[in-house]
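The values are calculated or read from the model by the stated rules, or taken from the named source; none is laboratory data. What you see is a predicted model; the values in this text were computed from it and never measured. With ideal geometry, Cβ positions are generated from the backbone for all residues, glycine too; neighbour counts draw on all protein chains shown.
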Amino acid sequence: MLPLSNCDVYIDRKDGSLITGHEKTVLRTRLPTKKMRKYLLRKQGWASSAYGRVNWDMYGRASGSVSAQERAFVVKSCTNWLPAGRRVLKYGNKHGHCRYCRDYEDYDHMFHCHTRNEWRETFCKELDTTLKEWQILADLRTAIVMGL
C-alpha cells in the first residue's frame, strides 16, 4: 500500500495494511482492549480461546443500552460481588443473614428467598421482556430466566 501524501502518521496493522480513517477511535480503543483482554484472561482464569468466543461487539451494544447502575448490578451478579452473606458484614449486617427471613444469605438465596416471591416474579417478567426486546432466542431466554 502506498502512503498518502497528505498524511504524516500511519497506524500499521499486523497484516501490513494501514489504518487511514477513524484513527482517534483506533488509538482510544486498541491499547485498552489488549490490556482488558490480558486482565480478563488472568482474573477469570479463561483460556485464550475463551476470550475469542465472546461476541464483544454485541456485549458493547448490550451494556451500552442500560444504565451504569444496571450494568454494575449485572457485573456484580456475574462475578459474585453482590452484597450477600459474608460480604454484607462490611455494610453493617452483623451475621450475614437475610434481613427478611433470617436464613443465611448467599447469592442463590437472594433470588429464591420465600419472602421475596413477588419481587422475583416481577424481576423475571421484566428480565424476560428485556430479553425479548433484545431479540434473544426463546430457548436461551428461558434458560436465563429459569436459571435464576
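Say we look at the stretch 44-72 and pick out the residues that are surrounded by 10 or more Cβ atoms within 10 Å (Cβ to Cβ) and of a type in the set (Lys, Arg); which of these is farthest from Leu82 (Cα to Cα)?
Ranking the qualifying residues of the stretch 44-72, first place goes to Arg61.
For Arg61, are the conditions met, namely being basic (Lys, Arg) and assigned by TED's automatic domain parsing to the domain that holds Val145?
So Arg61 does not fit the description; no.
Is there a residue in the stretch 105-123 that is farther than 15 Å from Leu148 by Cβ, in contact with a helix residue (DSSP H, G or I) (Cβ under 7 Å, 6 or more places away or on another chain), modelled with pLDDT under 85 and assigned by TED's automatic domain parsing to the domain that holds Ile144?
Yes; the residues of the stretch 105-123 include at least one that is farther than 15 Å from Leu148 by Cβ, in contact with a helix residue (DSSP H, G or I) (Cβ under 7 Å, 6 or more places away or on another chain), modelled with pLDDT under 85 and assigned by TED's automatic domain parsing to the domain that holds Ile144.
Go through the stretch 110-148 and report how many residues are of a type in the set (Lys, Arg) and either within 17 Å of the chain's Cα centre (by Cα) or under 21 Å from Ala84 (Cα atoms) (or both).
Counting residues in the stretch 110-148 that are of a type in the set (Lys, Arg) and either within 17 Å of the chain's Cα centre (by Cα) or under 21 Å from Ala84 (Cα atoms) (or both) gives 3.
Regarding Leu41, is this residue surrounded by 12 or more Cβ atoms within 10 Å (Cβ to Cβ) and either over 30 Å from Glu133 (Cα atoms) or modelled with pLDDT of 80 or more (or both)?
So Leu41 fits the description; yes.
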